[in-house]
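Chemist: Below are the structure tokens for one structure; questions will follow.
What follows draws every value from the coordinates through simple rules; no lab data is involved. A quick note: this is a predicted structure, and the numbers were derived from the prediction, not measured. Here Cβ is always computed from backbone atoms with ideal geometry, including for glycine, and neighbour counts include all displayed protein chains.
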Amino acid sequence: MPVDKVITPELARACTELSREIRCQIGLLITRRGVIEQVIVGNGRELVISDLSRFRLGRRSLRGLRLVHTHLHNEPLSHDDLTDLALLRLDLIAAIGVRADGLPADISVAHLLPPNPQGLVYEVLPPRPFHAFQLECDKFLDALESEMVRATSTHVVRDAQETAILVSASARSRGEQEERLEELAELVRSDGMTVLETVVQRAQEIHPKYLLGSGKLKEVVIKALHRGADLLIFDQDLTPAQVRAIAEMTEMKVIDRTQLILDIFARRAHSREGKIQVELAQLRYLLPRLSGRGTAMSRLGGGIGGRGPGETKLETDRRRVRDRIAHLEREHVAFARHCDQRRARRFRHRVPVISIVGYTNAGKSTLLNALTESHVPAQDRPFETLDTSSRRLRFPRHREVIITDTVGFIRDLPKTLVGAFRTTLEELRDADLLLHLVDASSRDIEGQIKAVEAVLSDLELDRIPRLLVFNKCDRLPADEAEALCRRYQVLGISALHPATLVPLTTLLEQALSESFSRHRAAQAESFDQAARPVGYGIGVP
């Protein structure tokens, strides 16, 4: 058929006559070269489009296919038609009405629109008699796609950052969902991406396959198309099956909260120990998510003992991941032994230890720098610190202590990370006092305090004496900060203002003197016990 037509009159007539005869909709998926890729027979109301994986979008704005189908009662394009147009990113969609004598009646055509100030996703052309309808399809589609590429490229994205739409589907209250999405947006920006939009769905029952309802997911895809998003990031953890199902339906990269945090950790790990722990967590996360795609038999090895059916690619990938995990665990064991020796030396010298703990981005590294005049890297973003930093602090009474800073906590800290970083977190076990630092400017102070306490409890560190201190009080009005500190009966400081730290050092010295002798007795008993078994603390949780 000529490629400058939506459909030829002869082919349209053949479809309408057959459609009238069988009383079902008939659809044709046609490429830009005019090749009929699929013939679809539906029922009296709708069509079901089969797999289009052969026509991947890639970086194109449109798929390169147009759908032309019949409507038995000469009705215009339906809502489902327009949803399919946007969801599948078709070149255009056309509905040809069927007259009583089986000839083509009116034709209704719709096409997607480039991003525009009105926020319109598609345009529906007025119905016209089929034989009076004129559209130079090739020229029209070339112009449309060029305009879509030009408009998408004008999105303001700093430093070629990836762009994301954040999604939350949960039975939690809307307020709690929005708070979590704000935190997720902060994590996304910390990972060097740009947040374009957020989508929230509050549902009593979560869709087992797509998490979102199918209608809501279609809405997300339309928004992604319109905003030029690169990936979808879900606040909830997704199962491997959900990731595959959502990715296949949307043809977009899909990640969940845990994968995002793992990516941030991978960017921030600098020491050998930190890199080992991050890679270990990533591999443990990846292992159950290896899919069965491409299970063609691998190349057979030659020679005696090398003959046989071979392994599938999936089995080979899993074996390699397990081998790498085993190698990293051996390195992790050596690192754990080194940490044990370092802690033993510190214990022999009877140097008190204060460990700063708290929610991520509470200002722990900034406080360490302010107290010890150090230069530990500190920025206003989540998970800036992954490696433990220890510095000496001298109190006014000439008493020296060691003060340490380690990785921050977060709500629902991924278990793979807790397991991989358990050896690092073991540093906290030797503390005589935990300084629990809280961001006073946070919207959810109570939730962050509970999240930190939950992690400390999981690590069996909740018996170590703790001192609760509110940081970043300079971000609040003075009267509001004072009222907040009175409510929680805590000291308020700002790590950026040294004058506020004088009462803190006095309070730390007082709290340390009360807990030092008591906690040292308990530590001495633990060091007198039998040596820990090899591999202590690195098992999968």
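Chemist: Taking amide H atoms as placed 1.01 Å from N in the peptide plane, list the residues 5 or more away in sequence, or in a different chain, whose amide H sits under 5 Å from that of ARG45.
Modeler: For ARG45, the qualifying residues are GLN25.
Chemist: Rank these for me by crowding, ARG13, ARG66, going from fewest to most other beta carbons within 10 Å.
Modeler: The most exposed by this proxy come first: ARG13, ARG66.
Chemist: Hand me the GluC sites (Glu not before Pro) from the range 186-235 located in a DSSP loop with no more than 11 other Cβ atoms within 10 Å, in residue order please.
Modeler: GLU205
Chemist: Counting just the Cα atoms, what span does the range 159-263 cover along each of its three principal axes? Round to the nearest Å and put the largest first.
Modeler: Per principal axis, max minus min of the Cα coordinates gives 39, 29, 25 Å.
Chemist: Tell me the trypsin sites (Lys or Arg not before Pro) within the range 171-275 that lie in a loop according to DSSP and have at most 16 other beta-carbon atoms within 10 Å.
Modeler: Working: sites: ARG172, ARG174, ARG180, ARG189, ARG202, LYS209, LYS216, LYS218, LYS223, ARG227, ARG244, LYS253, ARG257, ARG267, ARG268, ARG272, LYS275; in loops: ARG172, LYS209.
Those satisfying the criteria are ARG172, LYS209.
Chemist: Something else: Per residue Cα convex hull volume for the range 9-153, in cubic angstrom?
Modeler: 107 Å³
Chemist: Give me HIS332, HIS73, HIS207, HIS131 ranked fewest to most by other Cβ atoms within 10 Å of their Cβ, as a rough exposure proxy.
Modeler: HIS73, HIS131, HIS207, HIS332
Chemist: Still on this structure, I have one more. Can you compute the charge dipole magnitude of the range 159-263 about its Cα centre, using +1 on each Lys and Arg Cβ and -1 on each Asp and Glu Cβ, nothing else charged? Give it in debye, rounded to the nearest 20.
Modeler: 480 debye
Chemist: Report, ordered by chain and residue number, the lysines lying within cross-link reach of LYS218, taken as a straight Cα distance under 27 Å and ignoring same-chain residues fewer than 8 apart.
Modeler: LYS209, LYS253
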